[in-house]
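Laboratory data are not the source of any read-out in this text; all were calculated from the coordinates shown. Nothing here was measured: the structure is a model prediction, and the numbers come from that model. So basically every Cβ, Gly included, is an ideal-geometry build from the backbone, and we count neighbours across all protein chains shown.
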């Protein structure tokens, strides 16, 4: 099961890294024009950057503690926090009627649940 947990954590970390960089470094106006970024119209730019920073931290927290053997309990804690973030994303996309993105966020939530259960 350990290889499956590593693969899941690595893939989810890649998703978090991509989303984190996007939200942290792409201007709000441009994000609002991108597919899946329509939700940003209702948020302040600093709130979007804060979400991006949280996603960047999640990318680190999903892999690094276990890889270094330093506070490996942070991996399932990070995965649990990611699940909360995905619930918020599902609500935001659901309000806009973006069912495919809601389903994608639900899949990310399921992967995070697998990691949290497997690492606790």
Query raised in the report: To the nearest 10 degrees, how steep is helix 74-95 against the longest Cα principal axis of the chain, on a 0 to 90 scale?
Result: 20 degrees
Query raised in the report: In percent, what relative contact order does the chain have, based on Cα pairs under 8 Å that are 6 or more apart in sequence?
Result: 29 percent
Query raised in the report: Rounded to the nearest 0.05, what FRET efficiency is calculated for residue 70 and residue 18 with R0 set to 22 Å and r the Cβ-Cβ distance?
Result: 0.30
Query raised in the report: Once label points are set 7 Å from the Cα along Cα→Cβ at both residue 30 and residue 113, what is their separation, rounded to one decimal in nm?
Result: 3.6 nm
Query raised in the report: When the helices in the chain are scored as -39500 (n - 2.57) per DSSP H run of 4 or longer and the sum is shared across all residues, what 222 nm value do you end up with, to the nearest 500 deg cm²/dmol?
Result: -27500 deg cm²/dmol
Query raised in the report: Regarding the stretch 2-119, what is the average projected area of its C-alpha convex hull, in nm²?
Result: 6.8 nm²
**Report entry** At 1.567 mPa s and 4 °C, Stokes D of the stretch 3-50 from Kirkwood alpha-carbon radius, µm² per second
**Finding:** 111 µm²/s
Query raised in the report: Taking Cα atoms, how many degrees apart are the long axis of helix 45-68 and the longest axis of the chain, rounded to 10 and kept between 0 and 90?
Result: 10 degrees
